[in-house]
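Presented below is the structure to which this report refers.
The values are calculated or read from the model by the stated rules, or taken from the named source; none is laboratory data. The structure displayed is predicted, hence computed values, not measured ones. All Cβ positions, even for glycine, are placed from backbone atoms using ideal geometry, and neighbour counts span all protein chains on display. Remember, those area values only see protein heavy atoms, side chains included, never the ligands or the DNA or RNA. Shrake-Rupley method; radii C 1.70, N 1.55, O 1.52, S 1.80 Å.
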Amino acid sequence: MRFSRFVGLRFLRPKRRQVALSIISLIALIGVAVGVATLIVVLSVITGFQDDVTEQILGTLSHTVVLSHNGRIEDWRETTKKILQIEGVKAATPFVIGEVMANTADRATGVILRGIDSESASGVNNIAKSMQSGSLEELHEKHSPLTMPGSENSDRKYPGIILGRDLAATLRVFDKEELNVVNPIGDIGPFGVVPKTTKFVIVGEFATGFYDFDTKFAYIDLAEAQKFFDYGDTVTGIELRLDDIWNAQVVADRIRADLGWPFWAKTWQDMNRSLFSALKLEKLVMFVLLGLIVFVASLNIFSVLYMVVMDKQKSIAMLRAMGASARQIRAIVMVQGMFLGLLGSVLGTGIGLFMCWLQIEHKIVKIDPTVYFIDTLPMTLRVSDLAMILVFSLGFIFVATWIPARVAARLDPVRTLRYE
């Protein structure tokens, strides 16, 4: 290998009559570097966005939800205790959920109303940390709405409700104002089903960063939700926080095995399958498209080596005549190609890592937080992604190098020296 490495690197040295060949070699090297750097930066952005979306979703919702095929969980207190004893479960909280209509004097919109236990809910999700005003503890109390002194409603008190920031903006309501919530599945009257209407007082707002969530969700106390939806002493389900989010499916299988029928568990991957499938597909497509840059650079390396082989036919034939084997000739050409490829990959890796470091540490690229739920371009560099990029690029380069190497190894030294 010392002989092959020495001769191969010697062939790469530019000569006066090989200026064009040297320029092509430089272009091939730059192409590999640009392709590798672009792949690293783009995949880091997509991975960072995936991680931020996952963190936001898991901070807003739960890792796993335990539901019942009967529609409601009756003995939910005892069930919660059993779930907390299952390995991998960190915290649990019951909830009641339903679709309702919220309206003011001049505005109305559909709302997903969730009844929560404020004491245990804070250990499962990050709603308490997302509060812009008020607190979850205020849901336990009755509140007097803002009214004119001496009005007929000045002494009345109503249960509290917490709205998403964008939902409050849609309804144009503020803290301590009244809000009518209508349950379309109400009581049965002489003329059929009569919607059930209850007044609430707004005691706070939250902002998770997800527009769909902040425009649709509202929270009330668990007991008030049971009363409002006529649930009695039952709940819709039990939300869980796990020790390891990537172990959600294993924990879900344990829950189904331990609790048995009619219980079943739904993981955060199941609840957001379409979103994460789209992100994975986007990452794959970007990897393939940007990998074409490395492919084109590999074709340049192929062209360079083929031109070198054609230009160095006499030198190769003399080496064969002096005793160099076909394997050594093949290794000489392989050294040239892999040297260009490795140097380009190292340069590209350095450039890509430097750009990622700049963005992660100094937040150079800013984005609009009103469109995206973050204010800087996210980046997360994973060793697995970096290894995949290097294997991908070096694989292309190896194939592009192998073909000219075989051509060089099959040259007939007798015929070449005869006609040179």
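Structure values in brief
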quantity	calculated
Candidates E205, E224 - the one that is in a helix (DSSP H, G or I), at pLDDT 90 or above, touching a strand residue (DSSP E or B) at 6+ places or on another chain (Cβ under 8 Å) and under 19 Å from S118 (Cα atoms)	E224
Members of region 242-264 that are closer than 14 Å to L84 by Cα and either among the aliphatic types (A, V, I, L, M) or touching a residue at least 24 places away in the same chain (Cβ under 8 Å) (or both)	L242, D243, V251, A252, R254, I255, D258, L259
Looking only at region 47-70, and only at residues there that are modelled with pLDDT under 85 and among the aliphatic types (A, V, I, L, M), the one that is most open to solvent (accessible area, probe 1.4 Å)	L61
Output for region 321-359, where each listed residue is modelled with pLDDT under 85 and open to solvent by 40 Å² or more (accessible area, probe 1.4 Å)	A321, M322, G323, S325, R327, Q328, R330, M338, F339
Meets criteria (β-branched (V, I, T), out of contact with any Cys (no Cβ under 8 Å at 6 or more places or on another chain), over 17 Å from H140 (Cβ atoms) and touching a residue at least 40 places away in the same chain (Cβ under 8 Å)) for I238	yes
Of residues in region 270-279 being in contact (Cβ under 8 Å) with a residue 12 or more places away in the chain and assigned to a helix (DSSP H, G or I), the one farthest from A408 (Cα to Cα)	M271
Test: M101 is open to solvent by 50 Å² or more (accessible area, probe 1.4 Å) and of a type in the set (A, V, I, L, M)	yes
From M388, M310, residue being surrounded by fewer than 19 Cβ atoms within 10 Å (Cβ to Cβ), out of contact with any strand residue (DSSP E or B) (no Cβ under 7 Å at 6 or more places or on another chain) and under 18 Å from I24 (Cβ atoms)	M310
Criterion (open to solvent by 70 Å² or more (accessible area, probe 1.4 Å) and in a loop (DSSP other than H, G, I, E, B)) met by exactly one of D230, D212	D230
Within region 110-130, considering residues that are open to solvent by 30 Å² or more (accessible area, probe 1.4 Å) and either without any contact (Cβ under 8 Å) to a residue 24 or more places away in the chain or of a type outside the set (G, A, S) (or both), the one nearest to A91 (Cα to Cα)	S122
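Here's the yes/no breakdown for (1) exposed (fewer than 14 other Cβ atoms within 10 Å of the Cβ); (2) in a helix (DSSP H, G or I); (3) modelled with pLDDT under 75:
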| residue | (1), (2), (3) |
| --- | --- |
| W261 | yes, no, no |
| A265 | no, no, no |
| V288 | yes, yes, no |
| S298 | no, yes, no |
| F302 | no, yes, no |
| L305 | no, yes, no |
